[in-house]
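First up is the structure itself, then whatever we jot down about it.
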Amino acid sequence: MRNILVTGGAGFIGSNYIRYILDKYSDVTVTNLDKLTYAGNPDNLRDIEKNARYRFVKGDICDENIVDGLVKEADVVVNFAAESHVDRSIGKPDDFIRTDVFGAFVLLEAARKHGVRQFIQISTDEVYGSIEDGSFVETDPLMPSSPYSASKAGADRLAFSYFVTYDVPVKITRCSNNFGPYQFPEKLIPLFVTNAMDEQSLPIYGDGKNVRDWIFVDDHCDAIDFIEHNGQNGEVYNIGGGNERMNIEITEIILSELGKPKSLMQYVKDRLGHDRRYSVDCSKLFAMGWQPKHTFENAMQETIKWYVENRWWWEKLKSGEYLDFYKQNYGASA
Ligand code: NAD
Ligand code: DAU
């Protein structure tokens, strides 16, 4: 049995990754260390919580005692745990620095001490910053522009330094924007789908022409697994879906799929320091033999259908702290 320690596994991508790994391998056990912040949700893993090869531990990656014991037992560490929402990092960066940078440090120290076989740092395409034309390759300089992306860049390079300095077997992934089931409904796609379902306005920042490259979450999970088995230690791998779309295009797709009027589109004040376009060149990963398996159109339909059929999952999340955050920051109904 191979034991994978997944951190942040109660969040969006981490929960999809755990489901993917347990389905794919019968000789793997997964330990999920998650603090259960507002973004961590046990409902994301309800279907597997009784699986004998799965164990949940509530805890903080900044807590050296918990981390030490779990890393000691692990063959592989996959670090998803992070504060992940750019807007929240603009409002209050503190937790981003603590979790995304210091938390990664605590995990890396434990990995060094216990000699794990593999440490995968889940970084992001946002560490490169914005690009007008062309696409970033892995060796391009990092120019992060939000407290979120700067904290992720710190962890990304800290992980690399542990490979260079201490020979910790680190691999770093930089993926583009994910979409799919179980994404917290404050991110663009689940927010707009669920708002549109309830005929509430869709708050589009600025002119809505910012571009993101969208990848279905299963493809991201598949790429991480591929990199674990085929990648080289000390290397960085871009992961993208090859689906660059302006935010207004995404909005129109959602409205059209749900049969809702364009009058729900509401232009609101722009995000501070809003990156115009993200784009990563994935030639390095493609040359190794990996390709995304889902088309954007089908995956978007599947995703929208999932939110339509799983109101029980998102409705309770769209209240309290979540609504207050949006009202304070954007004055738009959420
Ligand atoms: P998410 O916000 O949905 O989930 C984050 C999880 O981390 C939550 O379960 C939360 O409870 C947990 N967590 C937060 N602080 C913690 C701490 N101190 N200790 C333990 N657990 C803690 O995020 P996501 O969208 O699933 O992103 C997961 C990872 O992937 C992040 O590292 C993010 O930077 C990266 N990433 C995300 C995307 C994307 O499009 N969502 C793209 C590329 C990379
Ligand atoms: O690129 C990868 C990154 O993608 C990840 O590292 C982050 O964790 C993840 O949150 C995501 O960051 P973005 O800022 O790109 O995602 P978000 O869904 O917040 O916004 C996507 C775009 O939509 C962005 O241009 C801002 C815009 N937007 C977002 C929201 C929530 C709106 O116009 N209105 C909104 O209400």
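The values are calculated or read from the model by the stated rules, or taken from the named source; none is laboratory data. Note that the structure is predicted; figures quoted are calculated from it, not measured. All Cβ positions, even for glycine, are placed from backbone atoms using ideal geometry, and neighbour counts span all protein chains on display. Keep in mind that these areas ignore ligands, DNA and RNA; they rest on the heavy atoms of the full protein, side chains included. Shrake-Rupley method; radii C 1.70, N 1.55, O 1.52, S 1.80 Å.
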Of the residues that make up the stretch 239-258, is at least one out of contact with any strand residue (DSSP E or B) (no Cβ under 8 Å at 6 or more places or on another chain), within 16 Å of ligand 1 (Cβ to nearest atom) and in contact (Cβ under 8 Å) with a residue 40 or more places away in the chain? no
Leading residue by the ranking (surrounded by the most Cβ atoms within 10 Å (Cβ to Cβ)) among those in the stretch 66-86 that are more than 7 Å from ligand 1 (Cβ to nearest atom) and part of a loop (DSSP other than H, G, I, E, B): Ala74
What pairs come up if the first residue lies in the stretch 94-106 and is farther than 13 Å from Gln121 by Cβ and of a type in the set (Ser, Thr, Tyr), the second is crowded, with 24+ Cβ neighbours inside 10 Å and modelled with pLDDT of 95 or more, and their beta carbons are under 7 Å apart, counting only those six or more places apart or on different chains? Thr99/Ile61; Thr99/Ala81; Thr99/Ala82; Thr99/Glu83
Among the helices (runs of 4 or more DSSP H) contained in the stretch 208-292, which hold 2 or more residues that are touching a Lys or Arg at 6+ places or on another chain (Cβ under 8 Å) and either charged (D, E, K, R) or open to solvent by less than 20 Å² (accessible area, probe 1.4 Å) (or both)? 217-230, 247-258
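Yes/no per residue for (1) in contact (Cβ under 8 Å) with a residue 40 or more places away in the chain; (2) farther than 18 Å from Val308 by Cα; (3) of a type in the set (D, E, K, R):
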residue	(1), (2), (3)
Pro203	yes, yes, no
Asp207	yes, yes, yes
Asp218	yes, yes, yes
Asp225	yes, yes, yes
Val236	yes, yes, no
Leu264	yes, no, no
Unmet criterion (only one of (1) within 27 Å of Asp140 (Cα to Cα); (2) away from ligand 2 (no atom under 11 Å from the Cβ)) for Ile253: (1)
Which of the numbered conditions does Asp43 fail, given that it passes all the others? Conditions: (1) in a helix (DSSP H, G or I); (2) free of Cβ contacts under 8 Å to residues at least 60 places away in the same chain. (2)
Within the stretch 120-129, can you find the residues that are within 14 Å of ligand 1 (Cβ to nearest atom) and not β-branched (Val, Ile, Thr)? Gln121, Ser123, Asp125, Glu126, Tyr128
Residue ranges of helices (runs of 4 or more DSSP H) in the stretch 95-203 with at least 1 members open to solvent by less than 10 Å² (accessible area, probe 1.4 Å) and acidic (Asp, Glu): 147-166
Failed item in (1) out of contact with any Asp or Glu (no Cβ under 9 Å at 6 or more places or on another chain); (2) over 18 Å from Leu36 (Cα atoms); (3) open to solvent by 10 Å² or more (accessible area, probe 1.4 Å), with Arg55 passing the rest: (2)
So for the stretch 15-35 (the condition being within 20 Å of Phe184 (Cα to Cα), part of a loop (DSSP other than H, G, I, E, B) and either out of contact with any strand residue (DSSP E or B) (no Cβ under 6 Å at 6 or more places or on another chain) or touching a residue at least 40 places away in the same chain (Cβ under 8 Å) (or both)), does at least one residue qualify? yes
